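*Asks:* Have a look at the structure that comes next, please.
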């Protein structure tokens, strides 16, 4: 079992390594350093903040030397596992919360009661937490919720209820449930009860509690179907089984002979609505609930949803959800892959403060995912995303996407990112085919803007500039802070000879991303030297971006 680090924050601050041998770390500044890190957002603080808080601001060089000496001492005491606990760069220090156990509670005594550190910044920080210890107290419950049984919300679609004796209606009602189950099962974010289990459950009197207890389902899709003359009327309800809340109802009214055609778009709407409700509920509960108290099955989808929201604060919150999911399910490859995707997006969106360090963290995440399951199609997909979009290893990325599709031909993200890779290579027609297949396979994913964005890039590579612009505008309506979409919109407008609008779009990009530099795009984007990439560079330059 790997060594963990245990820290008690209330009363006497005790810091010790727990593993084959127990080692207590007693230095006051060492304990304070770990206390500052475990209470930090994302477990990360800048070196300058730590220096000033622990050694004061009067002498920067002295504080820098003291921090370096403290880290050196800790490396000697902890040994070769030091780098597993702390990720140290020239600008910041981050702690791996998956390896940390925070214990204690306010009744044990004041926060860090025995740390007699008198630096003004430290005292102000300590006293602020003593005045409001709720957030830190929540950390102390983390170890109680490790080892979750499942990370996906579970959905069951029951055959619709019909009046006995109408064989055609029975078949149609069963087919609706089967098709909903099949469509939802293509998502990597939910777990779907088999149609056969749902059919067996529907043979008895249905109540929500029995479905929840028998099938361990979090959400239920049920309803009824009836004839009205020559017409057919179907009603579908989506229910949260934990609360019994009816989240929404969808109605289909069509002629019986037109049922197969009319039901296609209706079923897509049902499945999309279910996915959006699950995602929105998870994110809302994640915002309202202290992290240790958030249900297991909400963590991953809350992280995936928040990751693709426009607000930077939501993106940071996604990291908290995913870190917690990794801590609770360290042997699950999907949570590591999703965390890896977070790091890739952090780099690609230019949010990162340390590109090299976050690239390595992404590599570590995908490597861990594939160590746990070499046949994880999602893990392979994210490793391809990292290699193609960040490391520019296009051949490796292509191989990863192909392997993912061999394992799971319905892995929508593999099709989508493979389409993006083909667009990078100016293979526009093939890129369009791949991205369109991805969109067909992914009616449930709560971040449709991302699929529209990459489809826009595919059409740009194919020279379909109006279609590219339409998809970019559609994507921006859902998320106006995805920088790739903003760039493609400028390029499409430029190619359509709509220069004034392209300049306005460039102004919109700079308003949202004032740090954007064309030189950075040229050096870091994997397609900057392709034909499409040169079009984008020319468009950005002509629109006034430098």
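*Asks:* Please state which of the following conditions residue 18 fails to meet, knowing it meets all the rest: (1) at pLDDT 90 or above; (2) under 22 Å from residue 324 (Cβ atoms).
*Replies:* Among (1) at pLDDT 90 or above; (2) under 22 Å from residue 324 (Cβ atoms), the lone unmet condition for residue 18 is (1).
*Asks:* Hey, another quick one. From (1) at pLDDT 95 or above; (2) surrounded by fewer than 19 Cβ atoms within 10 Å (Cβ to Cβ), pick out the condition that doesn't hold for residue 459.
*Replies:* Condition (2) is where residue 459 drops out.
*Asks:* Hey, among the residues in segment 319-350 that are surrounded by fewer than 21 Cβ atoms within 10 Å (Cβ to Cβ) and more than 15 Å from the chain's Cα centre (by Cα), which one's modelled with the lowest pLDDT?
*Replies:* Restricting to residues being surrounded by fewer than 21 Cβ atoms within 10 Å (Cβ to Cβ) and more than 15 Å from the chain's Cα centre (by Cα), the top hit is 350.
Results for (1) more than 16 Å from residue 25 (Cα to Cα); (2) out of contact with any strand residue (DSSP E or B) (no Cβ under 7 Å at 6 or more places or on another chain); (3) modelled with pLDDT of 90 or more, shown as yes or no for each residue.
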site: 59; (1), (2), (3): yes, yes, no
site: 62; (1), (2), (3): yes, yes, no
site: 71; (1), (2), (3): no, no, yes
site: 75; (1), (2), (3): no, yes, yes
site: 84; (1), (2), (3): yes, yes, no
site: 92; (1), (2), (3): yes, no, yes
site: 102; (1), (2), (3): no, no, no
site: 107; (1), (2), (3): yes, yes, no
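*Asks:* With segment 20-116 as the region, which helices (runs of 4 or more DSSP H) entirely inside it contain at least 2 residues that are under 35 Å from the mean Cα position of the chain (by Cα) and without any contact (Cβ under 8 Å) to a residue 24 or more places away in the chain?
*Replies:* Fully inside segment 20-116 and qualifying: 47-55, 60-78, 82-85.
*Asks:* Return a yes/no flag: does segment 254-272 have any residue that is buried (at least 16 other Cβ atoms within 10 Å of the Cβ) and within 22 Å of the chain's Cα centre (by Cα).
*Replies:* Yes, there is a match, as at least one residue in segment 254-272 is buried (at least 16 other Cβ atoms within 10 Å of the Cβ) and within 22 Å of the chain's Cα centre (by Cα).
The values are calculated or read from the model by the stated rules, or taken from the named source; none is laboratory data. Source: prediction; values computed, not measured. For neighbour counting, all protein chains shown are included, and Cβ atoms are generated from backbone atoms with ideal geometry for every residue, glycine included.
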